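Please read the structure below before turning to the comments.
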Amino acid sequence: MRTLLQAGALGLALAILVGCTRAERPVNAGGSVAQADVVELKVESVTRGPEGLTVSYAVRNGSPREVLLVDGLPEWGPTGYVGLAPERAYVELSGDGAVLLRALVPVPGSLLVEAPEVPEVSVLAPGATVSSRVVVPLPLRTSLPYPQGPEATLELSAVRELRLRVGYLPDASEARLHGTTEVGGRTFRTAEYDQVVTLQRLLDSGPLSLDGVK
């Protein structure tokens, strides 16, 4: 999949924003979240079932231009790349907090990799809304493209704060895109790491209620 050549620390921070589900200013390489007024994330339900924890959500593009959602996460098998996993999310655990992330995770500055893991992107037209969901197995386990140290595990009953974050690029015309992949009725395209890591912004759900879910 890729070779880790040098150890380092992954600094994907858990930023605390209450009640805001929008993002507009660029995020930094540490993954912090800014606020916005045109692209909106709405979590519709959080449920628990045989597959694990499911978070259903919608993203609405209220801007006058096409945006790119960075939500085509890859799936890996024993022999390498398998394809896109439309319901996959990265999982970051910190204490009793959990973040489900559908976005590009920047390569830590202290790490060298053979090739960065770049999710594929999908176009969201002006005024359009796309509905999706993430499904993660339980108990929650750390799942990041550049793991550092032992895998952490967290029972859902122990989670005190759960968030969903979704990456997007605010102007599709600024990105160089290659190829197409059709998955679940949606079209995904390959973007370049340097552009995505520079232009990506994050939508943050704020703390999600787990009442009746645990």
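The values are calculated or read from the model by the stated rules, or taken from the named source; none is laboratory data. Everything numeric in this text was worked out from a predicted model, so none of it was measured. Note that each Cβ is placed from the backbone with ideal geometry, even for glycine, and that neighbours are counted across all protein chains shown. Side chains included, ligands, DNA and RNA excluded: accessible areas come from the protein's heavy atoms. Shrake-Rupley method; radii C 1.70, N 1.55, O 1.52, S 1.80 Å.
Quick one: which residues, 5+ away or cross-chain, put their amide H under 5 Å from the amide H of Leu53? H built at 1.01 Å from N.
Excluding prolines and chain starts, which carry no amide H, the hits are Val136, Leu138.
Could you give the length gained on full extension between Ser157 and Glu44, defined as 0.36 nm per residue of separation minus the Cα-Cα distance, in nm? Walk me through the numbers on the way to the answer.
Details: separation 113, 0.36 × 113 = 40.68 nm, distance 2.08 nm.
Computed gain between Ser157 and Glu44 is 38.6 nm.
What is the ratio of the Cα radius of gyration of segment 51-122 to 2.2 N^0.38 Å, with N the residue count, to two decimals?
The value comes to 1.30.
So, with a 1.4 angstrom probe, what is the percent of accessible area on segment 35-96 that is carbon and sulfur?
Numbers: 1350 of 2920 Å².
Percent of accessible area from carbon and sulfur atoms in segment 35-96: 46.
Could you tell me which residue out of Val123, Leu162, Ser173 lies farthest along the dipole of segment 117-214 toward its positive end? Charges go on the beta carbon: Lys and Arg +1, Asp and Glu -1, centred on the Cα centre.
Result: Leu162, furthest along the dipole toward the positive end.
Taking 0.36 nm per residue of separation and subtracting the Cα-Cα distance, what length does fully extending Asp211 through Arg65 add?
Gain in length upon complete extension: 48.8 nm.
Amide H of Val159 versus every other amide H placed in the peptide plane: which residues, excluding those fewer than 5 positions away on the same chain, fall under 5 Å?
none
How about segment 126-163: which trypsin sites (Lys or Arg not before Pro) there are in a DSSP loop, with at most 14 other Cβ atoms within 10 Å of their Cβ?
When the trypsin sites (Lys or Arg not before Pro) of segment 126-163 are filtered for loop state and at most 14 Cβ neighbours within 10 Å, Arg160 remain.
Counting Lys and Arg as +1 and Asp and Glu as -1, each charge on the Cβ, what is the dipole of segment 33-208 about the Cα centre in debye, to the nearest 20?
Rounded to the nearest 20 debye, it is 320 debye.
How large is ³J(HN,Hα), in whole Hz, for each residue of segment 151-164 in order, when computed from phi with the Karplus curve 6.51 cos²θ - 1.76 cosθ + 1.60 and θ = phi - 60°, using x for Gly and Pro?
Calculated HN-Hα couplings, in order: 5, 8, 10, 9, 5, 4, 5, 9, 6, 9, 9, 10, 9, 10 Hz.
How high is the relative contact order of segment 33-208, in percent, with contacts defined as C-alpha pairs under 8 Å that are six or more residues apart?
29
Would you calculate the volume per residue, in Å³, of the smallest convex hull containing every Cα atom of segment 57-214?
On the way: hull volume 21.1 nm³, N = 158.
That works out to 133 Å³ per residue.
Using only protein heavy atoms and a 1.4 Å probe, report how much of Lys214 is accessible, in Å² to the nearest 10.
Answer for Lys214: close to 100 Å² accessible.
Which whole-number value in Å² is the accessible area per residue of segment 33-208, probe 1.4 Å?
Details: 7510 Å² over 176 residues.
Spelled out: the 1.4 Å probe surface of segment 33-208, per residue, equals 43 Å².
Val130 versus Gln195, label points 7 Å from Cα toward the beta carbon: distance in nm?
1.6
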